[in-house]
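This report refers to the structure that appears directly beneath it.
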Amino acid sequence: MMRLQKFLALSGVASRRNSEKLIADGHVAVNGKVITEMGVQVDESADVVTVDGKVCKIQEEKHYLAYNKPMGEVTTVTDPEGRPTVMDKFRDYPVRLYPVGRLDYDSEGLLLLTNDGDLLNALTHPRHEVEKHYEVRVRGNLENIPKLAEPMEIDGYSIRPATVVTIDRDEISAKLRLTIHEGRNRQIRKMCEKCGLEVRRLKRVAMGTMPLDPHLKSGAWRELTNDEIAYLQDIAADVQENL
């Protein structure tokens with residue numbers, strides 16, 4: 001037995017939050033009876049749940065992982081150059097996973113993986129990508145650091161201004177907290193290059209308000225908590241509503 005809104009979410013109808021709205025608005029029926037109250041329990045093997053008359057069934061179990069990607073792995077399923085890939089770590093995982101976005105070969109840090117195609121598409125939609133937060137060590141013309149926050153064109157695309165905070169700085173290098181929106185291929189490295197800065201280390205430390213777990217060692221992964229999954233599903237729902 002499970003709550004009706006959880007059943008709807010697992011059926012791919014909507015996030016739990018939006019499923020509750022569907023219930024409250026009278027779109028959901030159980031065994032032919034319209035349900036408008038929260039807290040109703042359903043048996044997935046015996047009850048027939050419909051949304052606007054369409055029968056819903058639980059889809060393949062969804063998996064959501066956080067991986068602390070080390071340097072020296074590409075974020076692809078295979079690599080023509082024979083380099084290690086992120087997916088090498090998950091060859092024996094029970095379902096096929098896909099990375100949410102990318103981290104290039106020389107970058108490290110938080111990478112999400114899932115088999116939830118709707119969530120993946122929403123979180124990586126080019127118009128609505130989630131903010132990504134990085135710690136970046138740079139060298140070069142440090143006086144140009146403020147230019148990283150100005151409008152810029154990368155590979156023919158206009159990117160939204162980044163947010164830049166200097167964490168520490170000496171005569172030859174600086175450590176920055178850099179927040180971007182689009183996540184285009186090698187975007188931060190290309191931004192820095194345009195400003196006369198060389199990236200010495202690049203680490204993703206958060207996606208949206210979800211930080212990299214400080215206890216998650218490089219090369220290790222863990223399952224997301226229910227709260228983390230709900231947070232991502234809510235973001236995805238907002239994206240889909242605004243498309």
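Taking the listed residues L119, L123, the one that is within 20 Å of Y231 (Cα to Cα), touching a Phe, Trp or Tyr at 6+ places or on another chain (Cβ under 9 Å) and modelled with pLDDT under 90 is L119, with no other qualifying. How many of the residues making up the stretch 197-239 are in contact (Cβ under 8 Å) with a residue 60 or more places away in the chain and open to solvent by 90 Å² or more (accessible area, probe 1.4 Å)? Adding up the residues that qualify gives 6.
For the stretch 126-135, the criterion of being in a strand (DSSP E or B) and more than 17 Å from the chain's Cα centre (by Cα) is satisfied by at least one residue. Residues of the stretch 152-177 that are among the aliphatic types (A, V, I, L, M), open to solvent by less than 80 Å² (accessible area, probe 1.4 Å) and either touching a Ser or Thr at 6+ places or on another chain (Cβ under 7 Å) or over 21 Å from E131 (Cβ atoms) (or both): A162, A174, L176.
Number of residues in the stretch 122-136 that are open to solvent by 70 Å² or more (accessible area, probe 1.4 Å) and among the basic types (K, R): the value is 1.
Consider the stretch 183-196 and keep the residues that are part of a loop (DSSP other than H, G, I, E, B) and in contact (Cβ under 8 Å) with a residue 60 or more places away in the chain. The one that is most open to solvent (accessible area, probe 1.4 Å) is R186. Given (1) over 26 Å from D227 (Cβ atoms); (2) more than 25 Å from the chain's Cα centre (by Cα); (3) open to solvent by 20 Å² or more (accessible area, probe 1.4 Å), where does R83 come up short, assuming only one miss? Single failed check for R83: (2).
It is to be established whether one or more residues within the stretch 75-98 are modelled with pLDDT under 95, in contact with a strand residue (DSSP E or B) (Cβ under 6 Å, 6 or more places away or on another chain), more than 30 Å from I188 (Cα to Cα) and β-branched (V, I, T). No: the stretch 75-98 contains no residue that is modelled with pLDDT under 95, in contact with a strand residue (DSSP E or B) (Cβ under 6 Å, 6 or more places away or on another chain), more than 30 Å from I188 (Cα to Cα) and β-branched (V, I, T).
Listed residues G109, G101, G140; which is on the phi > 0 side of the Ramachandran plot, modelled with pLDDT under 90 and not charged (D, E, K, R)? When all the criteria are applied, what remains is G101.
A single member of L110, L119, L142 is open to solvent by less than 60 Å² (accessible area, probe 1.4 Å) and closer than 26 Å to G72 by Cα, and it is L110.
Look at the stretch 203-243 and say how many of its residues are more than 25 Å from R177 (Cβ to Cβ), modelled with pLDDT under 95 and not hydrophobic (A, V, I, L, M, F, W, C). Selection size over the stretch 203-243: 5.
The values are calculated or read from the model by the stated rules, or taken from the named source; none is laboratory data. Here the structure is a predicted model, which means the values were calculated and not measured. Positions of Cβ are backbone-derived with ideal geometry, glycine not excepted, and every protein chain shown enters the neighbour counts. Protein only, heavy atoms only, side chains kept; ligands, DNA and RNA dropped before computing areas. Shrake-Rupley method; radii C 1.70, N 1.55, O 1.52, S 1.80 Å.
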